[in-house]
Amino acid sequence: MVDGLDVERSAMWAAFAGRDARFDGCFVAAVRTTRVFCRPSCPCRRPRPERVEYFPTPADAARAGYRACKRCQPELPGGPAEAERRFAERALDAMRLRLDEPLTLSGLARMLAASPSSLGRRFRAVDGRTPMRALADLRAERAEALLLDGRVTALEAGLCAGFGSPTAFARAFRRRTGQSPSAWRRAMLDRPGMVVTRRPAGARSALNGAGDGETARSRGRASTIHSRPWRPSGDATGT
């Protein structure tokens, strides 16, 4: 019997050697030669039994000088699945902070200290979308709020939301709502009890005379876009 554990050493070795997930959370196994501790179900190669010692909790193993396995991540209650969920959340948080920037998959991957292929694979496994599809959906969600504000045109709402072209905006918005931006706003106006701020006839756009940083950037983007022909946007613009 190991101190602090109600499981016999032989039973713990059998669980560890057999990668028995039923014992996850009951103890951790630490390998003396590598100074790494794992959960019983860890897929790593097994050492010889005499090189393993057992601890009730990850904290006990860490206090004894061991570090957590990077594969099974025994310090997290949910293990690798929880680590991947947190990784996807970090990616979404990074997107939300940079919706009005020309964010690319490579740029996002650098922020998360991952390769573009690893980011794409890990994010999709958790979220079900590619990172760039998720970015476009976040921008479309932001555009919805801007359209309901009523003081910007549909085009301006797309630019303020971070889209690089009307085509990218319309495609992402229709994918999210099933309607074009203008049709969606008209439908919202027709809903009972819906209050939408309307721009007075002849009033200047919210982008004209913009004062805050975000709107000023959007105004600059609008002037740049209107000065050149539109080009279809790829994934780099969040479509």
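The values are calculated or read from the model by the stated rules, or taken from the named source; none is laboratory data. Please read all numbers here as calculations on a predicted model, not as lab measurements. Glycine gets a Cβ as well: all are built from the backbone with ideal geometry, and neighbour counts include every protein chain shown.
Look at the range 94-107 and say how many of its residues are among the hydroxyl-bearing types (Ser, Thr, Tyr) and in a loop (DSSP other than H, G, I, E, B).
1
Can you tell me which residue in the range 126-145 is nearest to residue 184 (Cα to Cα), limited to those that are assigned to a helix (DSSP H, G or I) and not hydrophobic (A, V, I, L, M, F, W, C)?
Residues of the range 126-145 assigned to a helix (DSSP H, G or I): 126-127, 131-145.
If we keep only those that are not hydrophobic (A, V, I, L, M, F, W, C) as well, we get 127, 131, 133, 137, 139, 141-142, 144.
On the way: 127: 26, 131: 25, 133: 20, 137: 15, 139: 15, 141: 12, 142: 14, 144: 9 Å.
So, considering only residues that are assigned to a helix (DSSP H, G or I) and not hydrophobic (A, V, I, L, M, F, W, C), the one nearest to residue 184 (Cα to Cα) is 144.
Regarding residue 96, is this residue in the same structural domain as residue 189 (by TED's automatic domain parsing), of a type in the set (Lys, Arg) and farther than 17 Å from residue 171 by Cα? Give the derivation first.
On the way: in the same structural domain as residue 189 (by TED's automatic domain parsing): no; of a type in the set (Lys, Arg): yes; farther than 17 Å from residue 171 by Cα: yes.
Judged against the criteria, residue 96 is not a match.
Give just the number: which of (1) farther than 14 Å from residue 79 by Cβ; (2) loosely packed, with under 15 Cβ neighbours inside 10 Å does residue 22 not satisfy?
Going through (1) farther than 14 Å from residue 79 by Cβ; (2) loosely packed, with under 15 Cβ neighbours inside 10 Å one by one, residue 22 breaks only (1).
Within the range 108-123, track down each residue that is outside any loop (DSSP other than H, G, I, E, B) and over 24 Å from residue 170 (Cβ atoms).
Taking the range 108-123 first, the residues outside any loop (DSSP other than H, G, I, E, B) are 108-111, 116-123.
Within the range 108-123, 109, 110, 111, 116, 117, 118, 119, 120, 121, 122, 123 meet the criteria.
Only one residue in 186, 176, 139, 151 is more than 16 Å from residue 102 (Cα to Cα) and under 22 Å from the mean Cα position of the chain (by Cα), so which one is that?
After ruling out the rest, the residue left standing is 176.
Give just the number: which of (1) in a helix (DSSP H, G or I); (2) surrounded by 14 or more Cβ atoms within 10 Å (Cβ to Cβ); (3) at pLDDT below 90 does residue 91 not satisfy?
Only one criterion in (1) in a helix (DSSP H, G or I); (2) surrounded by 14 or more Cβ atoms within 10 Å (Cβ to Cβ); (3) at pLDDT below 90 is unmet by residue 91, namely (3).
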